[in-house]
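Report on the structure given below.
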Amino acid sequence: MAILVTGGAGYIGTHACVELLNSSQEIVVVDNFSNSKQEALNRVRLLTGKDFRFYPADLLDRKSLTSVFSENEIDSVVHFAGLKAVGESAVVPLRYYDNNLTGTINLCEVMREFGVKKLVFSSSATVYGHTNNVPITEEVPLRANNPYGRTKQMIEEMLVDLYESDPTWSIALLRYFNPIGAHESGLIGEDPNGIPNNLMPYIAQVAVGKIRQLHIFGGDYPTKDGTGIRDYIHVTDLANGHLKALNYVRDSTGIQPFNLGTGRGYSVLEVVEAFENATKKHIPYRIVDRRPGDAAVCYANPEKALNELNWVAERNLEQMCRDTWHWQQWNPNGYEKKQLISASGLPYATDYTHIAPHLNQKGHKH
Ligand code: NAD
Ligand code: UDP
């Protein structure tokens, strides 16, 4: 039996695929590469030494999705596929509603057709909107305040309705806080298109010299140093949360939301300082106006995930910064092929020694 991973070529999806393969689970991956590259999946294979089936399919294409289910014995689904840029979602909201909602409806309909009713869904702390109730528990009312967040909130509500119509479903709604970092090998990581919107990839591009300085959005928030506070979580910890959630949905029926965060908030200035300490790179910055829509403080109460999933984040901010830096340093242009043209004449996808000098040609540590 296999786990279907939608959006498996993306930032969090690749890290989850690695952890799933490393724990000897069979996976089938679907991605339309709207925000990712084939090379990311090559790296997953290289890192794990394991192969898996991949379908370059779009969730909006119901026929292709049906083929995936008829050609594989799928028993559960981890559903990462979705568009995720908050700013862009305000510019092209219909694209976001169509992709995220219609994609999920298609997926659930095909799942139902094939009798597959175990689902782990990528939701987001964005569903809480602005709240003064920190640390945020799962009971805080949902009040998403941008189109992207509303797609996540609507999907959660839709999945509750689905469960109520058929209580043999089992669904985990994972509300991620701020995923950052990269696999410790430096082979996979976040590869944003163009100028990054999020703090950590922006800092990493300043460190590698692609951007001159960081703009810190707001120095007058009611926080200890005036900058915004978030709950940053290492992407490998987050990936492992999906393995725990899969165990949970396999063993039960029901629908439950879970916060996946560390429970600890750091300000922007603390993140800059931690990055500088972990990497010995100087990050020039300038404090500018607040970014519209940003909350002052947002961090999780992650106790429910500990009590019910037996999951807790293990990696600290220093490790998040170090792993981000290794990924950025060795892949300054992300997964772009030209970074991988090999001096030794090996095909670009099999010679990694020049991007990750601590690895041998098979991607394993010396
Ligand atoms: P990502 O963009 O790197 O990965 C998403 C993947 O889904 C991409 O590879 C993209 O090509 C694919 N995809 C999108 N629409 C598709 C479609 N219609 N059919 C097939 N594939 C499709 O994003 P990520 O950071 O890995 O996020 C994964 C999930 O987690 C998303 O649903 C996102 O909204 C959610 N999330 C992310 C964050 C974050 O900060 N990264 C925070 C909270 C929630
Ligand atoms: N931030 C910043 N400069 C940037 C990007 C982000 O100062 O270039 C701040 C932002 O205002 C917030 C924190 O960093 O306080 C995290 O922002 P990010 O976009 O990474 O996550 P989100 O706002 O979605 O929580």
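Net length available on complete extension from Phe33 to Lys280 is 85.5 nm, with 0.36 nm assigned per residue and the Cα-Cα distance removed. Gain on full extension, evaluated as 0.36 nm per residue between Ala85 and Glu308 minus their Cα-Cα distance, stands at 77.3 nm. Stokes-Einstein diffusion for region 72-228, with the hydrodynamic radius set to the Kirkwood value over Cα pairs and evaluated at 10 °C in a medium of 1.306 mPa s, equals 88 µm²/s.
Hey, what's the per residue convex hull volume over the C-alpha atoms of region 1-155, in cubic angstrom?
Cα-based convex hull of region 1-155, divided per residue, equals 119 Å³.
Positive end of the dipole of region 84-239 (Cβ unit charges, origin at the Cα centre): among Val86, Ile155, Ile211, the Cα lying farthest that way belongs to Ile211.
If you rank Met154, Met200 by how much accessible surface each has, with a 1.4 Å probe, what is the order from largest down? Intermediate results must be reported in sequence, preceding the final value.
Values: Met154 80, Met200 5 Å².
Descending order: Met154, Met200.
May I ask you to derive the relative contact order of the chain, considering only C-alpha pairs under 8 Å and at least 6 residues apart, and to give it as an integer percent?
Numbers: 733 pairs, mean separation 67.2, N = 366.
Contact order relative to length: 18 percent.
The three principal axes of the Cα atoms in the chain give end-to-end lengths of 56, 54, 39 Å, sorted in falling order. Applying 1/(1 + (r/R0)^6) with R0 = 45 Å to the Cβ-Cβ distance of Glu109 and Val208 gives a FRET efficiency near 0.55. Among the listed pairs Lys117/Lys244; Lys210/Lys280; Lys224/Lys280, give every one whose C-alpha distance is greater than 20 Å. Long pairs (Cα-Cα over 20 Å): Lys224/Lys280.
Just the accessible area per residue of the chain, please: how many Å² with a 1.4 Å probe? Walk me through the numbers on the way to the answer.
Details: 15620 Å² over 366 residues.
The answer is 43 Å² per residue.
Atom-type composition of the exposed protein surface of region 136-240 places 50 percent of the accessible area on carbon and sulfur (1.4 angstrom probe). For a modelled paramagnetic label at His130, 7 Å from Cα along Cα-to-Cβ, the residues of region 258-292 in reach, with backbone nitrogen under 15 Å, are 290-292.
For Glu157 and Glu71, what is the calculated FRET efficiency with R₀ set at 30 Å and r taken between the beta-carbons, to the nearest 0.05?
On the way: r = 32 Å, r/R0 = 1.06.
The formula returns an efficiency of 0.40 here.
Which parts of region 253-283 would a label at Asn316 reach, counting a residue when its backbone N lies under 19 Å from a point 7 Å out along Cα-to-Cβ? Hits in region 253-283 for Asn316 at 19 Å: 261-281. With the simple spin-label model, which puts each label point 7 Å out from Cα in the Cβ direction, the Asp51 to Asp225 separation comes to 5.0 nm.
The values are calculated or read from the model by the stated rules, or taken from the named source; none is laboratory data. Just so it is clear, the structure is predicted and the values come from calculations on it, not from any experiment. All Cβ positions, even for glycine, are placed from backbone atoms using ideal geometry, and neighbour counts span all protein chains on display. Accessible surface areas use protein heavy atoms only, side chains included; no ligands, DNA or RNA. Shrake-Rupley method; radii C 1.70, N 1.55, O 1.52, S 1.80 Å.
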